[in-house]
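Report on the structure given below.
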Amino acid sequence: MTDKEDRAHPFPHSDEDAARADRIPDTPQTRSPAYRLAFTDRDFMLREELRPLRLQLELLKPQMVMDERGVESTVVMFGGARIPSPEHADQARTKTLADLAKYYEQARLFAREMTRRSLESYGREFVICTGGGPGVMEAGNMGAEEAGGASIGLGIVLPHEQAPNRYVTPDLCFNFHYFAIRKMHFLMRARAITVFPGGFGTLDELFETLTLVQTKRMKPIPILLFGAEFWDRILNWEALAEAGTISESDLDLFHYVETAEDAVAIIDAWQEPC
């Protein structure tokens, strides 16, 4: 129930009073910030003391929108914003980035195949969810669009200008101020996590997910890392286990894959550990 006509209560709707407040006489009293309706007062809403409320609103808004769209589960795609598409690999800043362009293509193919499965549930299950930006994120949203389905983009305000990629479904394209709330939305509906080569942001998202599963704050789900050579070069998982800072069994929390086909097969065969 979202339309005010459907609500059965005797009080005026908030947007009606907001409109009435704009039609009042212009006097010193009505020009005072104190007279503004609290929920329409931008200066008030952005005060330091209102941070708890802003956190709540940022959690609630995407939750309500996705509920109204019927999104029940997602497949999350983390990965580098700087990874080029194969046709632009020759413009990459480094040879390594150029070589990683193959994962842009695998991200697109993976998202396309998972979206085909999503359409079997009328777009409710296995909805592709990315960070909404360029690189791997763009490839994921593109693949979903190619399959004729919707996809989610969870963007965030950064110091440098970054618009959402053009393949995100417009009414599932969100913008965040708080990294923590954005991370919650990545994981709240996740049925699988795919992690493509990336930088600090990708590593942050990967380790956040692994920590939640390791500490049993989140149910085990498939966590699939594309590109064994990349991950083994930047992370020495075995050294952590040998040092005793993680358990040997923690190495089973994730799986390496190389292709979209590999990833889809693991998701299809997944059974939650006992």
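The values are calculated or read from the model by the stated rules, or taken from the named source; none is laboratory data. These numbers were taken from a predicted model, which means no experiment stands behind them. A quick note on method: Cβ atoms are made from the backbone with ideal geometry, for glycine too, and the neighbour counts reach across all protein chains shown.
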**Item:** Selection status of R69, touching a helix residue (DSSP H, G or I) at 6+ places or on another chain (Cβ under 9 Å) and among the charged types (D, E, K, R)
**Value:** yes
**Request:** Report yes if some residue within the range 193-206 is surrounded by fewer than 13 Cβ atoms within 10 Å (Cβ to Cβ), under 17 Å from the mean Cα position of the chain (by Cα) and without any contact (Cβ under 8 Å) to a residue 24 or more places away in the chain; otherwise report no.
**Result:** yes
**Item:** The one condition in (1) outside any loop (DSSP other than H, G, I, E, B); (2) touching a residue at least 60 places away in the same chain (Cβ under 8 Å) that A81 fails to fulfil
**Value:** (1)
**Item:** Hits in the range 158-170 (condition: in contact with a strand residue (DSSP E or B) (Cβ under 9 Å, 6 or more places away or on another chain) and at pLDDT below 95)
**Value:** Q162, A163
**Request:** Could you tell me whether the range 105-115 includes any residue that is over 24 Å from H160 (Cα atoms), free of Cβ contacts under 8 Å to residues at least 40 places away in the same chain and surrounded by fewer than 17 Cβ atoms within 10 Å (Cβ to Cβ)?
**Result:** yes
**Message:** Any residue at all in the range 70-78 that's modelled with pLDDT of 95 or more, in a helix (DSSP H, G or I) and surrounded by fewer than 24 Cβ atoms within 10 Å (Cβ to Cβ)?
**Reply:** no
**Fill in**
Expected single match for assigned to a loop (DSSP other than H, G, I, E, B) and either touching a strand residue (DSSP E or B) at 6+ places or on another chain (Cβ under 9 Å) or surrounded by fewer than 20 Cβ atoms within 10 Å (Cβ to Cβ) (or both) among G143, G153, G132 is G132
**Looking only at the range 174-183, and only at residues there that are surrounded by 15 or more Cβ atoms within 10 Å (Cβ to Cβ) and assigned to a helix (DSSP H, G or I), the one that is farthest from the chain's Cα centre (by Cα)** = I181
**Request:** Taking S118 as the residue in question, decide whether it is crowded, with 24+ Cβ neighbours inside 10 Å, under 14 Å from the mean Cα position of the chain (by Cα) and of a type in the set (S, T, Y).
**Result:** no
